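Visitor: Let me begin by handing over the structure; questions about it come next.
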Number of protein chains: 2
Amino acid sequence: MELAFDKLGGLIPGIVQDQRTQEVLMLGYLNAEALVQTQRTGEVHFFSRSRNRLWKKGESSGHVLRVREMRLDCDADALLFLVEPVGPGVCHEGYRSCFFRELAEDGSTRVIESAPLYQAKSMASRGRDESTQVGRS
Amino acid sequence: MELAFDKLGGLIPGIVQDQRTQEVLMLGYLNAEALVQTQRTGEVHFFSRSRNRLWKKGESSGHVLRVREMRLDCDADALLFLVEPVGPGVCHEGYRSCFFRELAEDGSTRVIESAPLYQAKSMASRGRDESTQVGRS
């Protein structure tokens, strides 16, 4: 089956869901090489649009995402990874999930995860992996 | 909080997850108007890239997605909708989830949902809503 990388200029979105808890953890983008590396290694790789390079999730922090199952949608233009996440969380802001904020109807947001599980080395950094674990909830 | 519609030419991906079962059902794209209509009506609206217009999920089939919670990711460039889906499924191919296929390492796919819950009027049609319910599993 041909994946529709052409719809987003060579990229396809990949949803990451925790296989055990069913929580949606993050969304990233894969190019063809990222998909090959993900399949070859069993750990999720993305293509970083901001850094313009292949990027293994957790490459510096060790918080990799072990793929337990890969699913493809009906249009072959989106992927769903059921994973076993290694480490306390995936978000560069220290939360378990990147979707840690609720968006209200008036456009306001509020944090719905109780507290960061770990601290980023630099909150100004765009690297999601530059973090140090300080504790588990 | 400003959503980053600029990263994908005015669109932002929206993941749809069943609030009750936690199953990821589909991924679509919203423009600013689709988000406003989703917030105003409480039902998920997308922007159809193929039809180049605003599109309420379920507008013709009645299989709408009632929003129970909206979440925003750390980079404000992806949305997660926790929904109550109305009807037997969301996929135009008749399945409960658009992610009804597993993608194996060798690139082959296999259907992991047992059987279509309903039949599309025309499988050749690109309209995800042109379907008729024939039964529930």
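The values are calculated or read from the model by the stated rules, or taken from the named source; none is laboratory data. Note that this is a predicted model, so its numbers are computed, not measured. Neighbour counts are summed over all protein chains in view; Cβ atoms, including those assigned to glycine, are modelled from backbone coordinates with ideal geometry.
Visitor: Which one of these is at pLDDT 95 or above and under 12 Å from the mean Cα position of the chain (by Cα): A:Glu43, A:Glu33?
Guide: Exactly one residue qualifies, and that residue is A:Glu43.
Visitor: To continue, here is another question. Does segment B:85-98 contain at least one residue that is at pLDDT 95 or above, more than 14 Å from chain A (Cβ to nearest Cβ), surrounded by fewer than 22 Cβ atoms within 10 Å (Cβ to Cβ) and in a loop (DSSP other than H, G, I, E, B)?
Guide: yes
Visitor: Here's another thing I want to ask about it. Quick one: is B:Gln22 more than 8 Å from every other protein chain (Cβ to nearest Cβ) and modelled with pLDDT of 95 or more?
Guide: no
Visitor: Just to be sure, is A:His45 touching a Cys at 6+ places or on another chain (Cβ under 9 Å), without any contact (Cβ under 8 Å) to a residue 40 or more places away in the chain and not acidic (Asp, Glu)?
Guide: No.
Visitor: Next question. Anything in segment A:43-63 that is more than 18 Å from A:Asp18 (Cα to Cα) and in contact with a Leu (Cβ under 9 Å, 6 or more places away or on another chain)? List them, or say none.
Guide: Correct list: A:Phe47, A:Ser48, A:Arg49.
Visitor: Counting just the residues of segment B:64-75 that are within 14 Å of chain A (Cβ to nearest Cβ) and crowded, with 17+ Cβ neighbours inside 10 Å, which one comes out nearest to B:Ser97 (Cα to Cα)?
Guide: Across segment B:64-75, the extreme among qualifying residues is B:Val67.
Visitor: Sticking with this structure for a sec: Can you find, within segment A:17-56, the residue that is surrounded by the fewest Cβ atoms within 10 Å (Cβ to Cβ) among those that are acidic (Asp, Glu) and part of a strand (DSSP E or B)?
Guide: A:Glu43
Visitor: Only one of (1) more than 9 Å from chain A (Cβ to nearest Cβ); (2) not in a loop (DSSP other than H, G, I, E, B) fails for B:Glu59. Which number is that?
Guide: Result: B:Glu59 passes all but (2).
Visitor: A further question on this structure: Taking the criterion of being more than 22 Å from A:Arg110 (Cα to Cα) and either within 14 Å of chain A (Cβ to nearest Cβ) or of a type in the set (A, V, I, L, M, F, W, C) (or both), would at least one residue in segment B:30-44 satisfy it?
Guide: No.
Visitor: Under 6 Å between Cβ atoms, which residue pairs at least 6 apart in sequence (or on different chains) link something in segment A:63-79 that is among the small types (Gly, Ala, Ser) with a partner that is part of a strand (DSSP E or B) and crowded, with 19+ Cβ neighbours inside 10 Å?
Guide: Going by the 6 Å Cβ cut-off, the qualifying pairs are A:Ala78/A:Pro13; A:Ala78/B:Leu27.
Visitor: Still on this structure, please answer the following. Does B:Ser61 fit the bill of being over 23 Å from A:His92 (Cβ atoms), at pLDDT below 95 and either of a type outside the set (Phe, Trp, Tyr) or surrounded by fewer than 23 Cβ atoms within 10 Å (Cβ to Cβ) (or both)?
Guide: Yes; evaluated as a whole, the condition is true for this residue.
Visitor: Here's something else I'd like to know. Condition test on B:Gly14, is it part of a loop (DSSP other than H, G, I, E, B) and either away from chain A (no Cβ under 13 Å) or in contact (Cβ under 8 Å) with a residue 40 or more places away in the chain (or both)?
Guide: The answer is no for B:Gly14.
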